[in-house]
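The values are calculated or read from the model by the stated rules, or taken from the named source; none is laboratory data. Every value quoted in this text rests on a predicted model; they were computed, and no experiment measured them. Cβ: placed from backbone, ideal geometry, glycine included. Neighbour counts: every protein chain shown.
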Amino acid sequence: MESFIKYLLPRIIFLVKILSAVLLFLMMALTFIDVLGRYLFNAPIYGSAEMIQFLLALTIFSALGIVNADDSHIVVEVFEERIKKFIPNLHGYLIQGFSVLAMAFISWQLYIFAEDSYHLGSMTTVLEWPLIIVTGSVAFLSILSLICLVCGLFVKNLYKKAENSKTSSGSN
């Protein structure tokens, strides 16, 4: 299991990095072309704001997998000192457990939203595209992000165990 996760996680991260870069580039190019068309030719791209919104959502959720795998979130330390004070040995597990539960809840809700948009046949407002394209993609990326989070924590704990065993064997 360990070797499978060590094999799989870097490959997922690589693909998600490529996807994030492509989505960000498309968003930038669409914005640039839309602004040029609007101000130079008085002809903006129809629906560009809606397309940029979709690209933004996809970019955020594709990059979230990278952040989750590396456990490099922005940290707000409002309760951290209190938690460390009362339960110092469980502090890390509590924080990571909360992260996993929060990401699982987000993934679950996005899946429900995607399923509803599919069954209702929801369409986008301006372009009238099937909403399931975006909601399904975002739900998939959030589930992938959850997998990256769990695998990243697993790999991180493996490295901690390896470091602890080297430290304890080196002191003998």
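Looking only at residues in region 79-131 that are of a type in the set (D, E, K, R) and assigned to a helix (DSSP H, G or I), the one that is nearest to Ile143 (Cα to Cα) is Glu115. You will find that of Phe4, Phe25, Phe32, the residue that is more than 22 Å from Met103 (Cα to Cα) and modelled with pLDDT under 95 is Phe4 and no other.
Quick check on Ile12: is it within 25 Å of Trp108 (Cβ to Cβ), of a type in the set (Val, Ile, Thr), out of contact with any Phe, Trp or Tyr (no Cβ under 7 Å at 6 or more places or on another chain) and surrounded by 15 or more Cβ atoms within 10 Å (Cβ to Cβ)? Here the answer is yes, as Ile12 does meet what is asked.
Conditions (1) farther than 19 Å from Val16 by Cα; (2) more than 17 Å from the chain's Cα centre (by Cα), marked per residue:
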{"position": "Ala63", "(1), (2)": "no, no"}
{"position": "Asp70", "(1), (2)": "no, no"}
{"position": "His73", "(1), (2)": "no, no"}
{"position": "Phe98", "(1), (2)": "yes, no"}
{"position": "Leu101", "(1), (2)": "yes, no"}
{"position": "Ile133", "(1), (2)": "no, yes"}
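Mind listing just one residue for me: the one in region 1-55 that is outside any helix (DSSP H, G or I) and more than 27 Å from Gly136 (Cβ to Cβ) and, of those, nearest to the chain's Cα centre (by Cα)? The qualifying residue nearest to the chain's Cα centre (by Cα) is Met1. Annotation: of all residues in region 85-121 being surrounded by 15 or more Cβ atoms within 10 Å (Cβ to Cβ) and among the polar types (S, T, N, Q), the one that is farthest from Thr59 (Cα to Cα) is Gln96.
Residue by residue, here is whether (1) in contact with an Asp or Glu (Cβ under 9 Å, 6 or more places away or on another chain); (2) in contact (Cβ under 8 Å) with a residue 40 or more places away in the chain; (3) under 25 Å from Tyr46 (Cα atoms) holds:
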| site | (1), (2), (3) |
| --- | --- |
| Asp71 | no, yes, no |
| Val76 | no, no, no |
| Lys85 | no, no, no |
| Ser99 | yes, yes, no |
| Ala104 | no, yes, no |
| Gln109 | no, no, no |
| Leu153 | yes, yes, no |
